[in-house]
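Everything below concerns the one structure shown next.
The values are calculated or read from the model by the stated rules, or taken from the named source; none is laboratory data. Everything quoted here is computed from the prediction, not taken from an experiment. Cβ coordinates were reconstructed from backbone atoms using ideal geometry, including for glycine residues, and neighbour counts include every protein chain displayed. The area values use the complete protein model at the heavy-atom level, side chains included, leaving out ligands, DNA and RNA. Shrake-Rupley method; radii C 1.70, N 1.55, O 1.52, S 1.80 Å.
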Amino acid sequence: MQQLLVAALVAVAIASLPQLSLGKKIEKRCTNCSYRTYYTYGDGRSLQRVVYRDPVYTRAQSYGCSGSPCGVNAVCQEAAGGRPVCSCPPGFSGNPLTHCNRGECLDNVDCRGDLQCKDNRCVNPCVGACGIGSNCDARNHVAVCSCPAGYNGDPYHACHLNDPEEQCHPSPCGVNTKCEIINGVPTCSCVHGYVGNPLSGCRHECDHDGDCTSRDMCSNFKCVPACGQCGTGATCRTVTNHRAACECPKGYIGSPYSECRPECYGDADCPAGRPACFYGICKNTCEGACGVGADCNLRGLTPVCSCPRDMTGDPFVRCRPFTKEDLCEPNPCGTNAFCVPGHDNTGRERPVCNCLPGHTGNPLSHCSRGECLSNNECPDHRACINYQCIDPCIGKCATGASCEPKAHLAVCRCPQGQSGDALVSCRQTRTFPVAKYH
């Protein structure tokens with residue numbers, strides 16, 4: 001390196017000679033001059049630099065950048081102690097001690113949208129950017145990697161054929177959840193005993209009673225009805241501050257917070273006053289069996305209802321004191337007869353039976369409907385008497401009188417030669433001589 005720096009002597013430009021020249025390389029027309037190409041254009045033209053080296057001055061200045069120790073297009077910077085350090089400027093590359101070439105680009109903006117500026121060259125950004133089996137699409141100077149349809153994985157590492165279960169590994173769900181593949185789609189749900197949003201995470205439904213409603217309590221991290229504190233067969237009467245007030249049903253015995261059991265399982269378990277076992281409860285079968293005011297007597301376990309001697313009525317509904325109307329209830333008379341309260345020969349109350357209007361017969365056994373109810377139902381020469389169509393003359397006229405039935409009536413007449421009231425009596429007419437006065 002020291003030999004190169006010694007060789008790169010400080011050059012002083014000759015005033016009479018141009019230092020930079022465009023076009024063809026100029027001829028070397030001076031002694032101790034060097035010609036270096038500064039930049040070459042795309043069309044072949046070059047920019048050259050002519051440097052004159054003074055041997056005396058060069059020997060005096062053997063160090064530093066003044067002697068242009070660097071290559072073409074290189075930049076020289078003096079380090080500590082005057083030591084020259086050569087480097088290619090931005091946008092150039094190569095060996096700074098010999099030649100730095102201008103790059104194709106300085107930034108991505110110098111390249112097409114599907115190319116990227118790398119090491120001062122516009123290159124395809126997809127080269128080596130994506131993983132095995134992945135697709136690459138160069139967009140805006142950046143490689144965009146993706147797995148083909150039917151494949152998944154990390155496109156920047158490797159893509160492989162889809163396995164539906166892999167969609168749950170790693171799980172897209174939150175904590176305390178499970179991931180299942182349903183119809184090809186990963187589906188999140190809370191594990192048993194947990195609630196919440198399975199995408200963000202599930203939690204216990206409760207940690208203490210305060211997390212539940214006033215009628216529920218927290219049991220095994222779940223809100224359950226507080227009435228569950230009641231024992232088997234018990235009734236939950238009310239709930240206050242997450243605590244249930246339990247009681248055994250009527251007729252049941254035991255602890256309402258552990259177990260309530262029936263008072264009996266059969267009649268043999270019941271006392272004499274309540275001899276029948278009904279659905280686990282000892283009862284007196286007469287309770288509620290008879291009507292108001294009725295007497296009840298047990299025949300075995302069967303209740304027998306009856307009204308007291310001085311009362312009447314339906315013993316299964318109500319018993320009441322006797323009234324005279326009760327003499328005719330139920331009706332003691334025969335068919336087509338009606339009953340009215342009356343008295344016997346001794347004055348005692350008794351039922352009296354009568355045939356219905358238009359009926360005749362024995363009211364104690366049977367009454368038959370009569371032949372008629374009015375004269376209109378009988379022929380003109382008959383009259384409706386005692387519901388029978390009979391001759392109206394019977395018994396109507398006086399002895400010896402003649403009778404002609406007419407318009408349902410008896411027309412009585414005394415015979416010729418007799419006079420009198422035909423309804424009472426008829427007698428022989430007596431004639432007396434009439435005196436003649438002159």
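Express the accessible area of the stretch 162-309 per residue in Å², computed with a 1.4 Å probe while the remaining protein chains stay in the model.
63
Would you grab the residues whose amide H sits under 5 Å from the one on residue 187? Only those 5+ places off in sequence or on another chain, please, with H modelled 1.01 Å from N.
The answer is 180, 181, 182.
In the stretch 255-372, what percent of the accessible surface is made up of carbon and sulfur (1.4 Å probe, ligands and nucleic acids excluded)?
Here carbon and sulfur together make up 52 percent of the probe-accessible area.
Tell me, what ³J(HN,Hα) does each residue in the stretch 325-332 have, in order and in whole Hz, if you take phi through Karplus 6.51 cos²θ - 1.76 cosθ + 1.60 with θ = phi - 60° and put x for Gly and Pro?
For the stretch 325-332, the Karplus curve yields 5, 5, 4, 9, 10, x, 5, x Hz.
Cα to Cα, under 16 Å, and not fewer than 8 places away if on the same chain: which aspartates and glutamates meet these conditions relative to residue 250?
259, 263, 287
Along the Cα→Cβ direction, 7 angstrom out, place labels at residue 344 and residue 364. What is the inter-label distance in nm?
For the pair residue 344/residue 364, the computed spacing is 1.1 nm.
Determine the sum of side-chain charges near residue 251: Lys and Arg each +1, Asp and Glu each -1, restricted to other residues whose C-beta is under 11 angstrom from that of residue 251.
Residues close to residue 251 contribute a combined charge of +3.
Rounded to the nearest 5, what % of the DSSP beta bridges within the stretch 244-340 are antiparallel ones?
Bridges in the stretch 244-340 are about 95 percent antiparallel.
Skipping prolines and chain starts, which residues have an amide H placed within reach, meaning under 5 Å, of the one on residue 423, given they are 5 or more residues away or on another chain?
Distant-sequence amide H within range of residue 423: 398.
Can you list the HN-Hα couplings for the stretch 392-398, worked out from phi with the Karplus curve (6.51, -1.76, 1.60; θ = phi - 60°), rounded to whole Hz and with x for Gly and Pro?
With the stated coefficients, the stretch 392-398 comes to x, 7, 4, x, 9, 9, 6 Hz.
Summing Lys, Arg as +1 and Asp, Glu as -1, what charge do residues with Cβ under 11 Å from the Cβ of residue 193 carry, residue 193 excluded?
Overall, the nearby charge balance is +1.
Can you classify the stretch 138-269 as rounded, prolate or oblate using the Cα gyration tensor, where a ≥ b ≥ c are the square roots of its eigenvalues, rounded means a/c under 1.5, and otherwise it's prolate if a/b beats b/c and oblate if not?
prolate
Show me the GluC sites (Glu not before Pro) within the stretch 201-305 that DSSP assigns to loop and that have at most 10 other Cβ atoms within 10 Å of their Cβ.
none
Which far-off residues, 5 or more places away or on another chain, put their amide H under 5 Å from the one on residue 359, with H placed in the peptide plane?
The answer is 370.
Filter the trypsin sites (Lys or Arg not before Pro) in the stretch 260-314 down to the DSSP loop ones having no more than 12 other Cβ atoms within 10 Å, then list what survives.
309
Cβ neighbours within 10 Å, averaged per peptide: list 190-202, 342-354 in order, most packed at the top.
190-202, 342-354
What does the net charge come to around residue 179 if you take all other residues with beta carbon closer than 13 Å to its beta carbon, with K and R at +1 and D and E at -1?
It works out to a net charge of -2.
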